[in-house]
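What follows is a single structure, written as structure tokens, with notes after it.
Please treat every number below as a calculation from the coordinates, not as lab data. Note that this is a predicted model, so its numbers are computed, not measured. We place every Cβ from the backbone using ideal geometry, glycine too, and count neighbours over all the protein chains shown.
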Amino acid sequence: MFEKISKNMKDRMLYLESIDARDRVDGTPRLERLRQIPPETGKFLALLASNCPEGEFVEIGTSAGYSAMWISLACMERNIKLKTFEILEEKIRIARETFEKAGITEYVELIEGDAIDHLDKIKNISFAFLDAEKEIYEKCYELIIPRMVKGGILVADNAVNQYGTLKAMIDKALNDKRVDALIVPIGKGELVCRKI
Ligand SMILES: C[S@@+](CC[C@H](N)C(=O)[O-])C[C@H]1O[C@@H](n2cnc3c(N)ncnc32)[C@H](O)[C@@H]1O
């Protein structure tokens with residue numbers, strides 16, 4: 001699957017990685033930063049997504065489209081579109097540019113607005129990546145899990161580096177009878193839940 005990373009996609013990944021690294025040290029305000037996942041988490045997401053049952057792929061929190069590029073590799077294998085949600089205008093603009101430049105508009109649908117307003121309309125979710133403001137994680141989790149197919153995978157980012165903020169949601173998932181769940185210490189720590 002990783003052999004499907006085209007030169008254009010690789011160039012865009014490297015470009016966004018350099019912007020993200022620069023923003024983290026030069027005092028760029030939090031909401032303007034890309035705050036994207038590291039490459040190893042991207043590979044992990046692509047591997048998980050490529051092994052999910054048939055169904056919809058969703059991402060909450062597109063930013064510049066970096067994680068969406070990784071997930072799109074799994075979408076190419078089954079000819080489906082990732083539905084990715086972004087609320088901020090400037091991020092939407094950069095993400096559209098990313099999907100054009102990487103040549104993956106066929107595999108990604110960018111939905112503008114608050115993901116909370118849209119999730120209840122999506123059925124048969126088989127892969128979900130949750131990477132938005134931490135206050136909405138629990139709400140998103142409760143919208144996604146009932147709409148997920150058996151064997152579907154939900155991944156939530158920042159389960160280790162923001163464990164304090166996410167504790168209530170993480171504890172809920174780890175004790176939820178609807179899923180098998182664990183925390184994987186890769187990148188910033190991923191909560192991985194598989195629908196039973
Ligand atoms: C941590 S960044 C996402 C990084 C991205 N997943 C990546 O790794 O490339 C979080 C993004 O979620 C967006 N966001 C926050 N709340 C949202 C909501 N309710 N609906 C849609 N997007 C939201 C923010 O504007 C921000 O761009």
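Tabulated data for the structure shown
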item: Peptides 15-27, 176-188 ordered by average Cβ neighbours within 10 Å, highest first; result: 176-188, 15-27
item: Mean projected area (nm²) of the alpha-carbon convex hull when region 2-195 is viewed from all directions; result: 9.8 nm²
item: Considering only region 2-195, percent of DSSP beta bridges that pair antiparallel, nearest 5; result: 35 percent
item: HN-Hα J in Hz across region 169-185 - Karplus 6.51, -1.76, 1.60, θ = phi - 60°, x for Gly and Pro; result: 5, 5, 4, 4, 5, 5, 10, 7, 5, 7, 9, 9, 9, 7, 9, 9, x
item: Under-5 Å amide H pairs with Val108, H placed in peptide plane, nonlocal only; result: Leu82
item: In Hz, Karplus ³J(HN,Hα) per residue of region 63-78 (6.51, -1.76, 1.60; θ = phi - 60°; x = Gly, Pro); result: 6, 8, x, 5, 5, 4, 4, 5, 5, 4, 4, 6, 5, 4, 5, 10
item: Reach of Lys172 by Cα under 23 Å, taken over lysines that are not fewer than 8 positions away in the same chain; result: Lys123, Lys134, Lys139, Lys150, Lys188, Lys195
item: For the chain, calculated [θ]222 nm from helices alone, where every DSSP H run of n ≥ 4 adds -39500 (n - 2.57); result: -12500 deg cm²/dmol
item: Cβ-based net charge around Ala95, under 12 Å, with every Lys or Arg adding one and every Asp or Glu removing one; result: -3
item: Charge dipole (debye, nearest 20) of the chain; +1 at Cβ of Lys and Arg, -1 at Cβ of Asp and Glu; result: 460 debye
item: Placed amide H near Gly152: partners under 5 Å, 5+ positions off or other chain; result: Lys195
